[in-house]
Amino acid sequence: MVRIPETAARPSAPGPAPDAGGRRLPRTLHPVAWWIWALALATAVSRTNNPLLLFLVLAVLGHVITMRRTEAPWARGFKYYLYLALTVVAIRVVFRAVFATGITPHDHFLFSLPHLPTPDWYAGIQLGGPVSLEALLSAATDGLRLACMLCCIGAANTLANPKRALRVLPGALYELGVAVTVSLSVAPQLVQSVQRVHRARRLRAGRSKGLRALRGIIVPVLEDALERSLRLAAAMDSRGYGRAGTATRRSRRATGALMLLGMCGLCAGAYGLLDATAPVLLGFPALGAGGVLCVAGLRLGGRRVTRTAYRPDPWRAAEWAVAGCGVLSAVLLFSNAGFNAAELNPSVYPLGWPTLPLVPAAAILLAGAAGFLAPPPSPPARPAVPAQRAEELT
């Protein structure tokens, strides 16, 4: 006879355990905070093509994801974003080698590709020819910058639940938010499907690898994607997605007109701020008027959508800290305070090792503080032993 303690026989939900230091309870950080942090870090990446700083950004992303990712299916797909980043760098280098441009006699030549003649209207572009080390390094750094931006978006998808981010959108953007949420969750769901099919193949002792195993993986993944899309369509239809509600035709037209005029005002204001020769009215006045019109359109359009939120995500000091360290990192890189702007974009002419500027490196490390400022993720719920099952075992 097996005896089970009385405490184990009672079903109880696992309570949140304190952090390793006993200071904070685990909870899920607000998804918008992770997105602000990731987008701000991507903005900082767009400021530089220094390979040392870009590799430091990748190290910061890996550190934060390792410390604060959850056990959710979408939190396991960051390595696929790394594969995509490597593919981007490889494609950029190959294109630079094939379309040989900007090569000087002082370059270090590596090899030469067969030259293909081009017509006169295609002048300025050379297909094939000599390939230099400077050209490949320049292409690799440009590709690495784009790869870091993709990894920042991948980090946001890994750390934040895209479905929970839908709650904070205004009512007028509910349909657009649902579409964006579905599109953002495609990649994590495909990763989950591939992993599930791969585990099933291993359990069935599937020994085919490489291209032979591709058919056995793609077909189940596509079938699973089709079934998931049908279930999603049925769920959205049952919840009245896309209904007009109580809004009249006049109200919908007024909302569309306000949003259109507001977007035009924002575009005109942005153009006025970027162009020094533009009139004064195209600067902050147009930007402010466009913002007011957009807010009015969102408020008017949000009246026709009635939503309820069960346990809304709180915005506390941890959310402010995570979003703030990402925004402060981008501000420091754009301020050019305490460092030379040329250090952010080192040239390969002449060929030499790039220097690591201290202030931008400290700014990127400041973004890595999100791994400590964010609360630890909630542990996965463990199923309790039902009382009836415990009585049967005794």
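Ranked by how many other Cβ atoms sit within 10 Å of their own Cβ, fewest first, the residues VAL191, VAL292 fall in the order VAL292, VAL191.
Taking the highest mean first, how do the peptides 152-158, 248-254, 129-135 order by number of other beta carbon atoms within 10 angstrom per residue?
152-158, 129-135, 248-254
Mind ranking 279-287, 56-64 by how tightly packed they are, going by the mean number of other C-beta atoms within 10 angstrom, highest first?
Numbers: 279-287: 15.2, 56-64: 20.0.
Put in order of decreasing packing, that is 56-64, 279-287.
Normalised Debye scattering of the range 246-304 at q = 0.17, 0.19, 0.28 Å⁻¹ gives log10 I(q)/I(0) of -0.54, -0.62, -0.96, counting only Cα atoms as equal scatterers and leaving out solvent. With neighbours defined as other Cβ atoms within 10 Å of a residue's Cβ, the residues HIS106, HIS30, HIS198 order from fewest to most as HIS106, HIS198, HIS30. Protection proxy ranking, highest mean first, for peptides 324-337, 80-93, 34-47: 34-47, 324-337, 80-93, where packing is the per-residue count of other beta-carbon atoms within 10 Å, averaged.
A short reminder: the numbers here are calculations on the coordinates, not readings from a lab. Here the structure is a predicted model, which is why all the values come from computation and not from measurement. Virtual Cβ from ideal backbone geometry, glycine too; neighbours counted across all protein chains shown.
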